[in-house]
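Each remark here refers to the structure printed beneath this line.
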Number of protein chains: 2
Amino acid sequence: MSGGFPNILEELIEKLEKLPGIGRRSAQRLAFHLLKISNKELDNLVNNIIEAHRCIKPCNLCNNFSTNEICQICANPKRDRETICIVETPQDVLAIEKTAQYQGLYYVILGALSPLEGVGPGELNIGKLLNRLSKGEIKEVIISTDPDNEGELTAQFLIEKISKYKVKIYRISIGIPLGTQIEYIDPSTLGKAIIDRRIVI
Amino acid sequence: MSGGFPNILEELIEKLEKLPGIGRRSAQRLAFHLLKISNKELDNLVNNIIEAHRCIKPCNLCNNFSTNEICQICANPKRDRETICIVETPQDVLAIEKTAQYQGLYYVILGALSPLEGVGPGELNIGKLLNRLSKGEIKEVIISTDPDNEGELTAQFLIEKISKYKVKIYRISIGIPLGTQIEYIDPSTLGKAIIDRRIVI
């Protein structure tokens with residue numbers, strides 16, 4: 001201890017501090033909370049963590065979170081099996097599912113190219129995707145990586161790779177979001193929206 | 001799942017979201033991190049949480065975090081046993097210990113009065129403190145609750161209670177912090193520093 005917290009608590013705070021998005025203060029606050037909760041609450045939390053860690057694996061087809069070999073979206077016979085939407089993360093799958101505007105399948109590349117962070121083409125999980133495209137069952141690919149530097153770079157890389165197969169390639173539309181006012185839109189988005197304008201009539 | 005994450009993951013996110021300072025986004029980020037780490041890292045973290053929860057209890061004398069009945073500060077024969085510093089939380093003990101300017105004991109009241117949050121005098125842990133003061137071994141009390149509304153209210157309440165015993169009562173000095181410039185100090189702190197001015201010669 002030496003004037004500090006008991007060692008076991010210090011260790012816990014240090015471990016919590018290493019979790020993403022948790023600084024020293026939040027780690028302390030979390031640790032104190034974990035000390036205070038009832039045995040039952042603690043058991044529930046710990047078991048949930050262990051169980052999720054044990055059960056959830058990437059889907060064998062698309063890399064989305066799944067408790068089975070094949071995720072529920074890939075296993076759903078009602079989905080359009082000729083369209084694949086490529087996203088960076090399982091969170092993106094969830095976000096697109098919430099729109100209820102997409103009936104096809106997904107492919108999660110689990111990240112994006114980032115030269116600054118040393119993520120090169122080798123780190124992207126696209127082997128299963130290309131293998132699948134080579135079988136000719138997929139007719140359309142919608143590239144839905146983030147509209148930021150990494151996502152755009154990844155989109156370019158994917159377009160290059162995928163253009164070798166006989167599929168239509170789309171990029172998710174980038175432009176001014178609904179419910180905003182044009183005077184407040186950042187210049188790069190607004191510029192992109194002008195460049196990517198859609199013909200109306 | 002129903003277009004969302006697998007249930008076990010959804011449940012984990014919901015549990016993490018209930019932790020203090022964790023919103024939906026951080027909860028997701030934490031959950032995904034916990035899914036990814038190795039079995040060994042997970043075991044370490046979980047065991048640390050369980051062990052800390054099991055071992056750490058409030059000190060029987062002062063309520064500070066302790067792995068024994070009596071915390072290391074209360075058990076230390078070198079500490080001045082006639083002075084008690086009253087603080088709101090174990091974190092405050094740590095902060096004062098770090099200054100190396102205090103050799104006495106502590107008493108942690110585990111909170112502060114807060115009429116808005118329904119914390120009344122009954123919720124403050126001062127029974128053991130008053131009991132100890134009644135034995136006449138303590139000569140000085142330094143009230144070091146926070147210099148905010150709740151802390152000041154609590155200080156007033158403590159002064160009222162403690163003034164019944166034969167002890168000197170101090171309030172930690174409130175004023176302008178070292179290393180700042182007077183022109184940038186907030187008016188209420190600056191005003192308090194003028195009112196509480198110390199005589200020099």
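The values are calculated or read from the model by the stated rules, or taken from the named source; none is laboratory data. None of the values given here were measured: they were computed from a predicted structure. Cβ placement follows ideal geometry from the backbone for every residue including glycine, while neighbour counts extend to all protein chains displayed. Just so you know, the surface numbers come from the protein's heavy atoms only, side chains and all, with ligands and any DNA or RNA stripped out. Shrake-Rupley method; radii C 1.70, N 1.55, O 1.52, S 1.80 Å.
Close Cβ contacts (under 6 Å, 6 or more residues apart or on different chains) running from residues in segment B:93-107 that are assigned by TED's automatic domain parsing to the domain that holds B:Leu178 and part of a helix (DSSP H, G or I) to residues that are among the aromatic types (Phe, Trp, Tyr) and at pLDDT 90 or above comprise B:Val93/B:Tyr106; B:Ile96/B:Tyr102. Any residue that is within 19 Å of B:Ala27 (Cβ to Cβ), open to solvent by 70 Å² or more (accessible area, probe 1.4 Å) and of a type in the set (Lys, Arg) - is there at least one of those in segment A:51-67? No - not one qualifying residue is present in segment A:51-67. For segment A:71-90, a residue qualifies if it is open to solvent by 60 Å² or more (accessible area, probe 1.4 Å) and either facing chain B (nearest Cβ under 8 Å) or part of a loop (DSSP other than H, G, I, E, B) (or both), and the qualifying residues are A:Gln72, A:Pro77, A:Lys78.
Of everything in segment A:123-149 that is surrounded by 15 or more Cβ atoms within 10 Å (Cβ to Cβ) and assigned to a loop (DSSP other than H, G, I, E, B), the residue that is modelled with the lowest pLDDT is A:Leu124.
If you go through segment B:150-159 and pick out every residue that is within 14 Å of B:Lys192 (Cβ to Cβ) and either in a loop (DSSP other than H, G, I, E, B) or free of Cβ contacts under 8 Å to residues at least 12 places away in the same chain (or both), you end up with 1. The condition (being more than 23 Å from B:Ile172 (Cβ to Cβ) and at pLDDT 90 or above) is satisfied by just one residue among B:Ile73, B:Ile84, B:Ile56, B:Ile96: B:Ile56.
Of all residues in segment A:171-192, which are open to solvent by less than 100 Å² (accessible area, probe 1.4 Å) and under 24 Å from the mean Cα position of the chain (by Cα)? Of everything in segment A:171-192, those that are open to solvent by less than 100 Å² (accessible area, probe 1.4 Å) and under 24 Å from the mean Cα position of the chain (by Cα) turn out to be A:Arg171, A:Ile172, A:Ile174, A:Gly175, A:Ile176, A:Pro177, A:Ser188, A:Thr189, A:Lys192.
Can you find even one residue in segment A:162-169 that is open to solvent by less than 80 Å² (accessible area, probe 1.4 Å), outside any helix (DSSP H, G or I) and of a type in the set (Phe, Trp, Tyr)? Taking every residue of segment A:162-169 in turn, at least one turns out to be open to solvent by less than 80 Å² (accessible area, probe 1.4 Å), outside any helix (DSSP H, G or I) and of a type in the set (Phe, Trp, Tyr). Can you tell me which residues in segment A:20-42 are assigned to a helix (DSSP H, G or I), within 12 Å of B:His53 (Cβ to Cβ) and at the interface with another protein chain (Cβ under 8 Å from one of its Cβ atoms)? The answer is A:Ala31, A:Phe32, A:His33, A:Leu34, A:Leu35, A:Asn39, A:Leu42. Scan segment B:1-19 for residues that are facing chain A (nearest Cβ under 8 Å), more than 14 Å from A:Phe65 (Cβ to Cβ) and open to solvent by 30 Å² or more (accessible area, probe 1.4 Å) and the total you get is 1.
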